[in-house]
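The values are calculated or read from the model by the stated rules, or taken from the named source; none is laboratory data. Quantities reported herein were computed from a predicted structural model and do not represent experimental measurements. With ideal geometry, Cβ positions are generated from the backbone for all residues, glycine too; neighbour counts draw on all protein chains shown. In case anyone asks, the SASA skips ligands and DNA or RNA and just uses the protein heavy atoms, side chains included. Shrake-Rupley method; radii C 1.70, N 1.55, O 1.52, S 1.80 Å.
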Amino acid sequence: MKKIDLVVGARPNFIKAFPVYRALEELGCFELRLINTGQHYDDNMVAVFFEQLKMKEPDINLGIGSGRHGEQTARILDEIEREFMSQKPDLVIVFGDVNSTLAAALAAVKLHIPVAHVEAGLRSFDRTMPEEINRVLTDQISDLLFLSSPEAEDNLFKEGKDKNQIHFVGNTMIDSLICFQPLFDSARIKDSFNFQDKEYILITLHRPSNVDDPANLEQLIASLNRVAEIAPCLWPVHPRSREKLETIRAKTHHRLVMTDPLGYLEFMGLQRDAAVVITDSGGIQEESTFLGIPCLTVRDNTERPVTIEQGTNKLVGTEYSNIPAVVRETIVEKIEHKVPELWDGDASGRIARVLSQW
Ligand code: UD1
Ligand code: UDP
């Protein structure tokens, strides 16, 4: 049997990779290994996803942890290269745009192991984002490019990729959403904060451009305090943001509630029932589009334009003082939306079928 290694490491990777693992497992014609780099390691960033998405334990845990970009990427590269050399997979599959994605792809390609990139071709055209560098470089060295959105094809053509490498399969993050939707459950959390459906705002913000600079973060909190005057807000805080918030000790409105990161089923239940989502997350722009929940993205650009053109996403930019007015407007608006093409729960099945022919 041909050997395939699937590499994960950060929270969004788990959600994108699990349905692909399952679809390949069902085919029964590959020997699969799941390698977890350990880029993320807190239980509420990792273990809860393995448990809730009913995923087997990784075959290999590299235990890399946090570090500067060069440091973290280099450590993954070093450790995963050893794994690839000892086990010689026939294909390595990487997901999304995190440092683990690029490091695994680079290690594989130098050993002449073909690489498949799931979520290829997305571009924000903003090279100050570490993710954009990871996307461009990973696509450049990947042999198989699995696309979640049609406009990604053009981006890849412009970068010289060949048509026969490209497969528009749909969105594997939405596969997880569709599969686990019946189990979404936020009742306990809503009860504990006395939130009513469609009357609260869900927030997640963790992009370095929003949270790393203390003065910037203070302005962001000031704006969110004004949003909390409009409706109660819940912010499950990413560990990067938690660390930065601790350094500024900003005063928060009593209706701006912060919690630890939440499990997938709880978070998705809260997202489904929210009035509005305020975020800078890539994945949440897509999930909210699928669910039809208005999404305000606190960024100047997005690599996921389909969520604006067809979905419920609006770029509010990084002039934070504008956010409350946009929230007021959005909360009463009826937003028309479409579910983008092939976001139908079978993207992973398509990937498995392509690979079975490959
Ligand atoms: C990474 C990805 C980002 C993705 C996000 C998903 C890169 C360059 N960035 O950002 O694209 O949107 O994951 O959540 O790969 N930390 C903990 N516990 C953890 C993980 C992180 O405390 O389990 C803290 C550490 O202080 C760490 C910081 O968070 O230094 C940042 O973690 P890191 O993985 O470097 O980047 P993210 O901001 O999580
Ligand atoms: N998510 C979660 N709990 C949380 C916050 C997010 O389960 O407290 C899920 C969210 O629904 C989405 C994924 O994590 O499926 C997005 O990950 P993240 O925002 O960390 O990364 P990005 O998509 O920005 O790379």
Using only Cα atoms, tell me the angle between helix 347-357 and the longest principal axis of the chain; keep it within 0 to 90° and round to the nearest 10.
10
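Can you send over the carbon and sulfur percentage of the accessible area for the stretch 2-93, probe radius 1.4 Å, protein chains only? Before the final figure, lay out the partial values.
Details: 1930 of 4040 Å².
Reported share for carbon and sulfur atoms: 48 percent.
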Give the long-range amide H neighbours of Glu199: residues separated by 5 or more places, or on another chain, with amide H under 5 Å away, using H modelled in the peptide plane at 1.01 Å from N.
Ala275
Using the basic label-point model (7 angstrom from Cα toward the beta carbon), what is the His112 to Glu26 distance in nanometres?
3.6
Using Cα centres only, tell me the gap between the stretch 105-135 and the stretch 1-63 in whole Å.
18
Contact order normalised by residue count of the stretch 1-88, Cα under 8 Å, 6+ apart, percent
29
In the stretch 261-358, what percent of the accessible surface is made up of carbon and sulfur (1.4 Å probe, ligands and nucleic acids excluded)?
48
3J(HN,Hα) from dihedral phi, the stretch 56-64, Karplus parametrisation 6.51/-1.76/1.60, rounded to Hz, x for glycine, proline
4, 4, x, 6, 10, 10, 7, x, 5
With N residues in the stretch 229-338, what two-decimal value do you get for its Cα radius of gyration over 2.2 N^0.38 Å?
1.06
So who's got an amide H within less than 5 Å of the one on Leu62, skipping anything under 5 residues away but keeping other chains? H placed 1.01 Å off N, in plane.
Asn36, Thr37, Gly38
Per-residue HN-Hα couplings for the stretch 39-45, Karplus 6.51 cos²θ - 1.76 cosθ + 1.60 at θ = phi - 60°, whole Hz, x for Gly and Pro?
4, 9, 8, 4, 4, 7, 10
Across all Cα atoms of the stretch 99-181, Rg and the largest Cα-Cα distance (Dmax), in Å, are 12.9, 40
With an 8 Å cut-off on Cα pairs and a minimum separation of 6 or more residues, tell me the relative contact order of the stretch 182-279 in percent.
46
For the stretch 235-273 and the stretch 280-344, write down the distance between their C-alpha centroids in whole Å.
19
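Compute the accessible area per residue over the chain, keeping the other protein chains in place, probe 1.4 Å, unit Å².
On the way: 14840 Å² over 358 residues.
Using a 1.4 Å probe on heavy atoms only, each residue of the chain averages 41 Å².
Of all the accessible heavy-atom surface of the stretch 128-225, with the other protein chains kept in place and a 1.4 Å probe, what percent is carbon and sulfur? Before the final figure, lay out each step's value.
Values: 2140 of 4160 Å².
Result for the stretch 128-225: 51 percent of the exposed heavy-atom area is carbon or sulfur.
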Radius of gyration, Dmax [the stretch 19-159; alpha carbons; angstrom]:
15.0, 42
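Rule-of-thumb check for the chain: C-alpha Rg over 2.2 N^0.38 Å?
Values: Rg = 19.8 Å, N = 358, 2.2 N^0.38 = 20.6 Å.
Rg over 2.2 N^0.38 Å, computed on Cα atoms: 0.96.
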P(r) weight above 26 Å for the stretch 101-257, C-alpha pairs, percent
50
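Need the full-extension length gain, His254 to Asp162, defined as separation in residues times 0.36 nm minus the C-alpha distance. One decimal, nm. Could you put the intermediate results ahead of the total?
On the way: separation 92, 0.36 × 92 = 33.12 nm, distance 5.38 nm.
Stretched out fully, the His254 to Asp162 stretch lengthens by 27.7 nm.
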q = 0.15, 0.18 Å⁻¹, the stretch 293-358: log10 I(q)/I(0) [Debye, one scatterer per Cα]:
-0.61, -0.75
With the chain treated as a Gaussian network of Cα nodes joined by springs under 10 Å, which of Val326, Val46, Val98 yields the largest mean-square fluctuation?
Val326
Checking Thr318, Thr252, Thr128 against a Gaussian network model of the chain (alpha-carbon springs below 10 Å), the top fluctuating residue turns out to be Thr128
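Largest first, how would His117, His112, His238 line up by accessible area (1.4 Å probe)?
Working: His117 0, His112 160, His238 25 Å².
Ranked list, largest accessible area first: His112, His238, His117.
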Distance cut-off 16 Å, percentage of C-alpha pairs in the stretch 170-243 lying past it:
63
Amide H of Ile278 versus every other amide H placed in the peptide plane: which residues, excluding those fewer than 5 positions away on the same chain, fall under 5 Å?
Leu202, Ile203, Thr204, Leu296
Per residue of the chain, what 222 nm ellipticity follows from adding -39500 (n - 2.57) for every DSSP H run with n ≥ 4, rounded to the nearest 500?
-14000 deg cm²/dmol
Strictly over 32 Å apart at the Cα level, which of Lys16/Lys161; Lys56/Lys161; Lys158/Lys334; Lys2/Lys54; Lys54/Lys334 would you flag in this model?
Lys56/Lys161; Lys158/Lys334; Lys54/Lys334
Per residue of the stretch 81-97, what does 6.51 cos²θ - 1.76 cosθ + 1.60 with θ = phi - 60° give for ³J(HN,Hα)? Whole Hz please, x for Gly and Pro, Karplus curve as stated.
4, 4, 4, 5, 5, 7, 9, 6, x, 8, 7, 10, 10, 10, 10, x, 9
